[in-house]
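Remarks on the structure that follows.
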Amino acid sequence: MGWTACIILFLYMSVCGGRRLPDPEPAMHGGVQSPQYPKPYPPNLQQQWDLSVPEGYRMTLTFTHLDIEASAGCFYDSLTLFYDTKILGNPILSPGNRLSLVFQSDDNNPERHQNVGFSAQYQAIDIDECSEPDPEDGSGPLCSQICLNTLGSYICSCHHGYELRSDQRSCMLSCGGGIYDEPEGHLFSPGYPEPPPHGVSCQYFISVELGFTVTLNFTDNFHIESVDTDQGQICPHHWLQVTIPDREPWKMCGRTSPGLIVTSSNKVKLDYHTDGEGLSRGWSLDYSTYRVKCPLPGSVDNGRVTPSLTEYLYRDYISVRCNQGYKLMRDGQEVEAFSTMCQSDGQWHLPLPECHILDCGEPEPLLNGGVTLLSGSRNQYLSVVQYHCNEPFYSLLGGMNVVFTCQADRKWRSNSDIVVSPACIAVCGQPTKLIPGYQRIIGGSEAPDDTIPWQVLLSVNGGRGGGVVIADRWIMTAAHNLMSNGMLVSNSSVRMYMGLTQVNSLLGSPVLATSIHIHPDYNNPNFEDYNHDIALIKLQDAVTFTSSVMPICLPAEDAIYTSGVMGMVSGFGITENAANIRTLTNKLKFVQIPIVEQSTCMNSITLEQMHRERVPSLTGNMFCAGVPEGGKDSCQGDSGSPYILSNAGRFWAAGIVSWGVECGKQGTYGVYTRVANYINWINKTMQEN
């Protein structure tokens with residue numbers, strides 16, 4: 001046989017017979033098969049398939065299987081394809097979007113059950129209409145100027161200066177109202193480089209973003225009709241006019257290209273005009289845009305401008321930072337930071353600030369001291385000050401020369417890591433004047449001014465006692481001075497006088513108490529037990545120390561009381577005149593007496609207890625001072641006054657006048673509270689109150 005298939009191809013414009021299955025929305029692809037495929041097809045068969053894809057596409061038909069009874073001229077069984085023009089090869093490509101297939105079989109088939117027919121796939125293929133030859137009907141090209149192929153169709157477009165007519169195929173001259181807002185572009189006159197078909201009046205608008213300027217760059221091929229006169233070329237009939245805001249427009253013509261024109265504007269209008277006569281081949285230009293430039297910002301004294309560039313353009317930012325020790329100032333106000341931007345008008349939106357030197361302000365005042373400027377001025381950055389205390393009454397804590405420098409954080413900082421804040425501490429036990437020699441209180445000498453500046457005259461409900469200054473707000477005295485009928489006296493009943501040696505002068509300026517602190521173990525309701533006879537009085541206001549008022553030093557906790565060592569006792573108590581008459585003195589007096597051996601004192605007191613009633617006992621918290629022959633002693637009114645010793649040029653309070661059997665009696669001694677035994681209690685009381 002030699003034939004495995006039979007296909008008949010015809011040029012055919014219409015199809016008759018068979019069953020048509022129109023598809024209201026043609027698919028882009030699909031398949032077609034013979035009846036009963038893949039089983040053998042039946043005899044006496046005639047069937048037609050009308051295939052289509054969307055308009056604007058061609059169709060490809062590809063056979064994946066073909067088995068039709070072979071016969072000469074496809075006389076018995078055949079598959080016939082109807083198309084509008086020649087179809088070549090397999091796959092079969094239709095020039096249009098439709099294709100019809102007709103399959104038929106006869107009733108005489110010796111291999112009836114062997115041939116299975118066919119199976120094929122079809123697919124839509126886009127037509128490139130723009131590449132097709134012009135229609136043979138003479139209607140002209142699809143598009144008169146520019147043809148753009150699209151999926152399933154095409155669109156027409158026109159050159160610059162032209163627009164589509166209503167037929168959407170042909171172009172006509174039109175060059176008015178175009179706006180160009182891209183950063184760069186190309187413009188040319190209609191028909192360039194050939195003259196337009198007739199007179200034109202075109203407008204071109206270049207308008208770009210604020211902050212950018214337009215530069216026009218004309219090509220060398222420039223030709224606009226002009227007229228030569230004695231004054232030069234004029235443009236009476238043909239011209240290109242350039243208009244820039246806020247400037248006079250100007251017209252250009254002739255054969256010389258304007259070349260590069262920097263407009264310094266973001267808007268430019270071009271008007272091109274020719275009449276129906278004359279010849280102008282036109283012009284062409286490229287335009288570009290550049291960011292607006294701002295002036296160099298300059299420099300800032302004691303500061304820096306960043307970044308440092310050779311030029312600054314629109315939207316560039318600069319910031320200003322001051323050198324260390326300086327602050328940013330703008331419009332008289334300090335600002336944390338500063339930046340300014342180059343604006344679209346070529347100006348910085350804020351003027352540069354100034355850098356002013358930092359000021360740490362006045363150094364913290366120093367109580368009982370002062371500040372000296374060593375270098376710099378007006379407390380400015382890196383100024384150096386030195387603290388000092390009011391000598392000789394106060395000294396700097398630690399004895400250091402405290403120097404502070406104004407730093408960049410606007411704080412005064414010490415030259416020492418140890419010193420955070422300077423403090424003046426009172427100088428104790430160093431009077432500005434010394435007593436040349438000691439005398440006795442009983443008939444003793446009057447104290448010169450400023451020689452015993454720690455002495456206090458104590459007045460309690462009119463009674464007289466003594467006390468000693470130990471700090472700027474603390475007086476130490478005997479506890480029994482502050483008891484009345486077994487009860488603690490009130491704060492208001494206590495008056496203290498200090499600073500002068502004349503009682504009459506002192507009484508006009510009392511110092512008042514804010515609290516009274518009796519030693520907790522003191523218990524002497526009947527004046528028979530003077531153990532722990534010590535008390536502290538806190539003043540309402542702090543005392544400023546001078547030559548006449550100065551604290552006495554307190555002893556060390558382990559201070560040694562050596563028998564025979566001379567000490568001095570002072571006070572405003574009872575004194576004895578030349579006629580042996582005892583009276584309360586109106587002047588501060590003092591006497592020098594030695595410390596007595598503890599056993600000697602104990603024996604004298606034991607002897608007195610044998611002959612007298614209600615004589616108190618001596619304890620380890622007491623010591624005695626005096627001379628066995630008598631005549632030198634403290635007395636009534638001196639209670640609470642100090643007994644002082646000296647060490648390395650400083651006086652310290654060894655004792656407090658507490659009690660005695662008789663003032664200056666032979667064989668008896670004055671008894672004093674041993675202050676060294678109470679240092680812990682004294683410090684604790686002052687710290688907690």
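Side notes on the structure shown:
- Each 20 Å bin, from zero up to the one with the longest distance, holds this percent of the alpha carbon pairs of the chain: 13, 20, 12, 12, 10, 11, 14, 8, 1, 0.
- Summed side-chain charge close to Leu79 - residues other than Leu79 whose Cβ falls under 13 Å, Lys, Arg +1, Asp, Glu -1: -3
- Rounded tilt (10° steps) of 679-688 against the dominant C-alpha axis of the chain: 40
- Formal net charge of residues neighbouring Leu151 (Cβ-Cβ distance under 14 Å; K, R +1; D, E -1): -3
- Calculated log₁₀ intensity ratio I(q)/I(0) where the Debye formula runs over C-alpha points of region 369-426, q = 0.18, 0.23 Å⁻¹: -0.59, -0.88
- The C-alpha atoms of the chain define a longest principal axis, and helix 598-611 lies at about 50 degrees to it.
- Beta bridges per DSSP with both ends in region 175-291, % antiparallel, nearest 5: 90
- Estimated [θ] at 222 nm from DSSP helical runs (n ≥ 4, -39500 (n - 2.57)) normalised by residues in the chain, nearest 500: -1000 deg cm²/dmol
- Computed across region 124-187, the Kirkwood hydrodynamic radius from all distinct Cα-Cα pairs reaches 13.7 Å.
- Working from label points 7 Å from Cα in the Cα-to-Cβ sense, the Leu148 to Gln666 distance is 14.3 nm.
- Kirkwood hydrodynamic radius computed over region 384-538 comes to 18.7 Å, based on all pairs of distinct alpha carbons.
- Stretch in the chain that is longest and holds no chymotrypsin sites (Phe, Trp or Tyr not before Pro) that DSSP places in a loop and that have at most 14 other beta carbons within 10 Å: 76-526
- Taking only the alpha carbons of region 445-686, we obtain Rg and Dmax values of 16.5, 49 Å in that order.
- Neighbours of Asn379, meaning other residues whose beta-carbon lies under 12 angstrom from its beta-carbon, give a summed charge of 0 when Lys and Arg score +1 and Asp and Glu score -1.
- Percent breakdown of C-alpha pair distances by 10 Å bin, ordered from the shortest bin, for region 175-291: 14, 47, 31, 8, 0
- Neighbour cut-off at most 14 other Cβ (10 Å), DSSP loop, GluC sites (Glu not before Pro), region 162-219: Glu184, Glu209
- Longest segment of the chain lacking trypsin sites (Lys or Arg not before Pro) that sit in a DSSP loop with at most 14 other Cβ atoms within 10 Å: 434-611
- In terms of other Cβ atoms within 10 Å, Ser509, Ser646 run from fewest to most in the order Ser509, Ser646.
All of the numbers you see were taken from the coordinates with simple rules; none came from a lab. Since this is a predicted model, take the numbers as computed values, not measurements. Glycine gets a Cβ as well: all are built from the backbone with ideal geometry, and neighbour counts include every protein chain shown.
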